Amino acid sequence: MDQDVVRSSSDRICGHMNRDHNDAVEHLVMYYAQLSRLPKWSCMETIDRNGICIRYRPRWRSSTNEDLAELPVVTIQFTPPLIDTTDARKRLIELSEMSQAANRRRMDMSSEQNLCDRWNVEVLLTGMDAVIMHPITLGTVLTLAFTLFCSAQELWSLVMTLNFATQFHACNGFAQHGVLVMLWVCMIVYTAKLISWTSHRWRNAAPIPKNSFWSICGWAWRFARQRPLPRLDSHTWSQETVVITGGARGLGAEVALQLADKGAQVITLDVVSANVKHKNLIAYHCDVSKQDKVQSVSRDILAKHRPPTILINNAAIRNGRPLLALSQEDIARLLHTNLMAHFWTLKEFLPGMVQSKRGHIVTISSMMGETGVAQMLDYVASKHGLVGLHSSLRHELDAIYHTPFVRTTLVTTGHLKETSLFSGIAYNQLARFLAPTVSIARVSDALVLALESQESCTIVLPWYAAWTPVLRIMPTFVTDAIQCMLGANHSMSTIVET
């Protein structure tokens, strides 16, 4: 390719990125694997088929009027080499988008957090849970509980009356009364955790035998002591084939990379090029919103690879505009990508799991699947549909197909801070304290653990996502007040279009 032609085309490329990102080229944030810091792209020196030479302004040099000749020069090699000007334009845009995403992640991790980020409700609840579940705390609570049970009169007074003034006199002092209150709190937490543990065990237990009383007793013993399916190890992970929709970036890319590191064969379906590369990762270009595309790619996958044993439906888009500002095409595209794509992939890959009587279906939903907010009607409707799909699929696998070991996991999250889906949302201080963001690494770790354990579960992060269903039974003036204080109905006004 003629170097002069490519150099002359670089101005058009820069102009395209300038219009798309609404920012001058000299202020674009640029990051690549060869650069150890976070440079700002000041100007493009040369570009040819083998690489691009740029001058950049390091973080410690903030002046915008300095001589460009004094700025460092960095050369980034193109692998494979460029083919033509169209390929150059496409490669630079992809490189810019990938670079800005990498920079945002680094700046989020390295930038100093404010008080609401360091001490929010999620952090406080996590610390409280660690204290309550500490062996010393548990032993102390059990000792106090045993002491109370040894005193029938005091126990009866504590259970039958909630008049703390009376309890104050009965306990002979404020300190004793505080101990009783803390004891009640701890017992409530332990009871809730016991119920949660029992529910989780029941969901993942083997079917109850109906032969005899002793077989039922054996099942009960295994229910309490053993897991029906063993944990996946380095050997068994290599026998797993994972299909992830929307696996080119964000949460999907993080999960894909973790599973590939464990040895699984990972296949991603996305309309954009993958941001991650791995020897165990295979990327397919596929628009999952179109059923014919999903059918074509799935047949190719089944012909060339092992039948998928894990399906992670992660692909999602958003519009972020009021209903009357949306076209029919916008609504249809979102619903087909966020909701209908789950049906298309299940129709293609679930039969193999039912036949082998094992597998794992993961549905990536959102807290929006349990509540509602303005300017996101189509997105909220799609996520509500996913919650119903997950619940009904679990019952169908158990009652109709008799395949309890085809596991199902629902992932419900709040705002993921490293993804571009909702980048640009402005939070007030109260919202940052009560509803903090959650990192994709934390969600990915929890999901990979569920897959490794071969257990159905519901992953809810952060803390407030678990309480969003409660909003449905609250009075409307309470929910309206919460929405108003958090600024939820106007949060999309500052969204960054991608």
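The values are calculated or read from the model by the stated rules, or taken from the named source; none is laboratory data. Note that the structure is predicted; figures quoted are calculated from it, not measured. All Cβ positions, even for glycine, are placed from backbone atoms using ideal geometry, and neighbour counts span all protein chains on display. Please note that ligands, DNA and RNA were not included when accessible areas were found on the heavy atoms of the full protein model with its side chains. Shrake-Rupley method; radii C 1.70, N 1.55, O 1.52, S 1.80 Å.
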Checklist entry - What number goes with the only condition from (1) among the aliphatic types (A, V, I, L, M); (2) assigned to a loop (DSSP other than H, G, I, E, B); (3) without any contact (Cβ under 8 Å) to a residue 40 or more places away in the chain that Val387 does not pass? => result (2)
Checklist entry - Which residues, taken from the range 380-408, are touching a helix residue (DSSP H, G or I) at 6+ places or on another chain (Cβ under 8 Å), within 12 Å of Ser365 (Cα to Cα) and open to solvent by 10 Å² or more (accessible area, probe 1.4 Å)? => result Val380, Ala381, His384, Gly385, Val387, Leu389
Checklist entry - Among the residues of the range 322-340, which ones are touching an Asp or Glu at 6+ places or on another chain (Cβ under 8 Å) and over 14 Å from Gly385 (Cα atoms)? => result Leu323, Leu326, Asp330, Ile331
Checklist entry - For Leu311, all conditions in the list (1) open to solvent by 30 Å² or more (accessible area, probe 1.4 Å); (2) closer than 17 Å to Leu389 by Cα; (3) touching a residue at least 24 places away in the same chain (Cβ under 8 Å) hold save one; what is the number of the exception? => result (1)
Checklist entry - Given the conditions (1) open to solvent by less than 20 Å² (accessible area, probe 1.4 Å); (2) assigned to a loop (DSSP other than H, G, I, E, B), which single one is not true for Ala374? => result (1)
Checklist entry - Can you spot a residue in the range 419-427 that is open to solvent by 30 Å² or more (accessible area, probe 1.4 Å), within 21 Å of Ala248 (Cβ to Cβ), polar (S, T, N, Q) and not in a helix (DSSP H, G or I)? => result yes
Item to check | Output for the range 324-349, where each listed residue is open to solvent by 60 Å² or more (accessible area, probe 1.4 Å) and within 19 Å of Thr409 (Cα to Cα) | outcome: Phe343, Lys347
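State yes or no: is Gln226 in contact with a Ser or Thr (Cβ under 9 Å, 6 or more places away or on another chain) and open to solvent by 40 Å² or more (accessible area, probe 1.4 Å)?
Spelling it out, it is not the case that Gln226 is in contact with a Ser or Thr (Cβ under 9 Å, 6 or more places away or on another chain) and open to solvent by 40 Å² or more (accessible area, probe 1.4 Å).
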Checklist outcome for this item: The number of residues in the range 210-222 that are within 26 Å of Leu451 (Cα to Cα) and either aliphatic (A, V, I, L, M) or open to solvent by less than 40 Å² (accessible area, probe 1.4 Å) (or both) is 2
Item to check | Qualifying positions in the range 472-493 - under 23 Å from the mean Cα position of the chain (by Cα) and more than 17 Å from Leu377 (Cα to Cα) | outcome: Leu486
Checklist entry - Within the range 368-383, is even one residue on the phi > 0 side of the Ramachandran plot and not aromatic (Phe, Trp, Tyr)? => result yes
Next on the checklist: Looking at Ala332, Ala399, can you tell me which residue is farther than 29 Å from Arg299 by Cβ and free of Cβ contacts under 8 Å to residues at least 40 places away in the same chain?
Outcome noted: Ala399
Next on the checklist: Given the criteria within 24 Å of the chain's Cα centre (by Cα) and without any contact (Cβ under 8 Å) to a residue 40 or more places away in the chain, does Ser196 qualify?
Outcome noted: yes
Next on the checklist: Being open to solvent by 10 Å² or more (accessible area, probe 1.4 Å) and farther than 19 Å from Phe349 by Cβ is the requirement here; does Asp292 meet it?
Outcome noted: no
Checklist entry - When you look at Ser444, is it among the small types (Gly, Ala, Ser) and either assigned to a loop (DSSP other than H, G, I, E, B) or over 13 Å from the mean Cα position of the chain (by Cα) (or both), yes or no? => result no
Next on the checklist: Can you report the number of residues in the range 271-281 which are closer than 16 Å to Thr245 by Cβ and buried (at least 17 other Cβ atoms within 10 Å of the Cβ)?
Outcome noted: 4
Checklist outcome for this item: A careful count of residues in the range 462-489 that are out of contact with any Asp or Glu (no Cβ under 9 Å at 6 or more places or on another chain) and open to solvent by less than 40 Å² (accessible area, probe 1.4 Å) gives 3
Checklist entry - Between a first residue in the range 444-465 that is acidic (Asp, Glu) and a second residue that is open to solvent by less than 30 Å² (accessible area, probe 1.4 Å), which pairs have beta carbons less than 7 Å apart while being 6 or more apart in sequence or on different chains? => result Glu452/Leu232; Glu455/Asn204; Glu455/Arg407
Checklist entry - Does Gly250 meet the test of being in contact (Cβ under 8 Å) with a residue 40 or more places away in the chain and at positive phi? => result yes
Next on the checklist: Residue under question is Ser298, and the condition is that it be open to solvent by less than 40 Å² (accessible area, probe 1.4 Å) and in a helix (DSSP H, G or I); does it hold?
Outcome noted: yes
Next on the checklist: Given the condition acidic (Asp, Glu) and in a helix (DSSP H, G or I), answer yes or no: does some residue in the range 231-246 qualify?
Outcome noted: no
Checklist outcome for this item: Flagged in the range 237-249 as open to solvent by less than 20 Å² (accessible area, probe 1.4 Å) and under 19 Å from His360 (Cβ atoms), in numbering order, are Trp237, Glu240, Thr241, Val242, Val243, Ile244, Thr245, Gly246, Gly247
Checklist entry - How about the range 384-412: which of its residues are over 27 Å from Pro462 (Cα atoms) and of a type outside the set (A, V, I, L, M)? => result Glu396, Asp398, Tyr401, His402, Thr403, Pro404, Phe405
Checklist entry - Can you tell me which residues in the range 185-209 are of a type in the set (Lys, Arg) and surrounded by 14 or more Cβ atoms within 10 Å (Cβ to Cβ)? => result Arg201, Arg203
Next on the checklist: Take residues that are modelled with pLDDT of 70 or more, open to solvent by 80 Å² or more (accessible area, probe 1.4 Å) and under 30 Å from Ala465 (Cβ atoms) and tell me which of the helices (runs of 4 or more DSSP H) falling wholly in the range 76-145 contain 1 or more.
Outcome noted: 85-110, 121-132
Next on the checklist: Among the residues of the range 250-270, are any open to solvent by 60 Å² or more (accessible area, probe 1.4 Å), out of contact with any Pro (no Cβ under 8 Å at 6 or more places or on another chain) and in a loop (DSSP other than H, G, I, E, B)?
Outcome noted: no
